[in-house]
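The values are calculated or read from the model by the stated rules, or taken from the named source; none is laboratory data. Predicted model, so just to flag it, every value in this text is computed and none were measured. Using ideal geometry, Cβ is built from the backbone for each residue, glycine included, and neighbour counts are taken over all protein chains shown.
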Amino acid sequence: MSENKEAENKPGLLKHILLSALKSPVNTILFLAFAYFGLKAYVFGDAFMDKLIMFGILALWMFWFIAKHMLIILMLLILLGGSAYFYYEYLHQQEKECEASGGHWNKETKTCEEKQGFWDYIESLWAQYKAKD
C-alpha cells in the first residue's frame, strides 16, 4: 500500500523535464540545438560544417554559463586573490620587519643581519680567511 502512495507522489520524468525546460529556456534551446547538430553530424552524416556549428553552440553555451555566474566567479576570484596575498604577507612577515628596521635578510640562514658596506664585507671575508689559517 505504501509503495503505491510513493509512486503517486513521485513526479514523472516528463514532468521533471518540462519543469526544468521552463526554468531555463536558454539552456533548453542550446541543448536541443547541440543535440540536433550532433545527431546530424555524427549519426546521419559526416558534415564538417555541422561539427563546426555544434562546437560553436558549445562555446556559446559556455559563454552563457560564465555570463550567468559572473558575479559568483568574480567574488571567488577576489577571495582567492585576497587569501593568496595575505598568505604571502604572512610568510614574508619576518623579512619585511627586518628590512624595515634597516637590516638585510639572509635567505640561507633565515636571519636578519646588519647591512654591510662593501669594505665591511671585504673585512669579514678577510677575517674568515684568517680564521681558516
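Of the residues screened, Glu113 is not one that is farther than 30 Å from Ala33 by Cβ, at pLDDT 85 or above and surrounded by 11 or more Cβ atoms within 10 Å (Cβ to Cβ). The condition of being over 32 Å from the mean Cα position of the chain (by Cα), loosely packed, with under 11 Cβ neighbours inside 10 Å and assigned to a helix (DSSP H, G or I) holds for only one of Leu80, Leu14, that being Leu14. No other residue among Ile53, Ile57, Ile66 is surrounded by fewer than 12 Cβ atoms within 10 Å (Cβ to Cβ) and among the aliphatic types (A, V, I, L, M) apart from Ile66.
Of the residues Met49, Met54, the single one that is without any contact (Cβ under 8 Å) to a residue 12 or more places away in the chain and in a helix (DSSP H, G or I) is Met49.
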